[in-house]
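Shown next, in structure tokens, is the structure this report addresses.
Derivation of every value follows stated rules applied to the coordinates shown; laboratory data play no part. Small disclaimer: the values here were computed from a predicted structure and weren't measured. So basically every Cβ, Gly included, is an ideal-geometry build from the backbone, and we count neighbours across all protein chains shown.
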Amino acid sequence: MQPKWPTAGIETPPPPPGSGTGAKSAKIVNRQGPTALLRPTGTRHMRAHGRGAMTVALGTTLLVQSSLACAECDPAKSAEPIASRFETHGDAVYDRNTNLTWMRCSYGQVWIENGGCSGSVKLLDWDSAMGLRLPGNAAWRLPQKDELGSIVATNCKRPAINETLFPGTPSVQYWTSTTSGPSYAWVVFFRTGMSTWNFLRTTPFAVRLVRTGQ
């Protein structure tokens, strides 16, 4: 019997000690798209069938549609000039400020030269996201919370990111490698650019890989 993708159920954990923050409700979208060149080390989340496959297909369509809208940017807030901070190299972009190189497309999408990111974003649970490997280059990894937060465009939302550098980014949650308890990990919600700690690792979210250096 082939295993299915994890369900989108969420439990509400207690707040971290000393945070002073109550638990928040979580809105989860369960979607799956075609794979790109990246692949998880395991295969248990790569197949779906029956009723689950139909649910996945519907979610993929919604996710692709959500990425077509342009970001809403506040003209009153100054945006950092791209040329002074970032170097683009085809499907990757180097950040001089943090010494990090990012995949311009989310996991599941394919980079098309002069055409941006094509295809659907594929959502993974945290364990699968942590196990992603790029054939021939083991340096690519899931970013830490502060690393992923460094590419949030504070003057924009829906998505809160520079779409010239990262085209086709949906306004959804992206996993980070930073944990917040035995069963939870941090995400960055690119609808608003906010980081959130109270999500079960079994929840499927989007992934953008990073590596240190150029």
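A Cβ-based charge dipole, computed about the Cα centre of segment 50-212 with Lys and Arg at +1 and Asp and Glu at -1, lands at about 300 debye.
Straight-line cross-link reach from Lys122 at under 20 Å between alpha-carbon atoms covers these aspartates and glutamates, not counting any fewer than eight positions away in the same chain: Asp91, Glu163.
Where Rh is the Kirkwood radius over the Cα pairs of segment 50-212, the temperature 10 °C and the viscosity 1.306 mPa s, what D in µm²/s does Stokes-Einstein return?
98 µm²/s
At an R0 of 35 angstrom, the distance between the Cβ atoms of Ser84 and Thr196 translates into a FRET efficiency of 0.70. For segment 104-171, the dipole from Cβ point charges (+1 on Lys and Arg, -1 on Asp and Glu) about the Cα centre works out to 60 debye, to the nearest 20. Among Thr212, Thr196, the ranking by other beta carbons within 10 Å of each residue's beta carbon, starting with the fewest, stands as Thr212, Thr196.
Translational diffusion of segment 91-168 was estimated from the Stokes-Einstein equation, with Rh taken as the Kirkwood radius over Cα pairs; at 10 °C and 1.306 mPa s the coefficient is 116 µm²/s.
Taking amide hydrogens as placed 1.01 Å from N in the peptide plane, the amide H of Ala92 sits under 5 Å from those of Arg104, each at least 5 positions away in sequence or on another chain.
Summing Cβ point charges (Lys, Arg +1; Asp, Glu -1) relative to the Cα centre of segment 130-214 gives a dipole of roughly 120 debye. Between the amide H of Ile161 and those of Ala153, distances stay under 5 Å, these residues lying 5 or more places away or on another chain, with hydrogens modeled in the peptide plane. Counting only residues at least eight positions apart within a chain, or on another chain, the aspartates and glutamates with an alpha carbon under 12 Å from that of Lys157 are Glu72, Asp74. Of the residues Ala185, Cys117, Ala206, the one whose Cα sits farthest towards the positive end of the charge dipole of segment 50-212 is Ala185 (charges of +1 on Lys and Arg Cβ, -1 on Asp and Glu Cβ, taken about the Cα centre).
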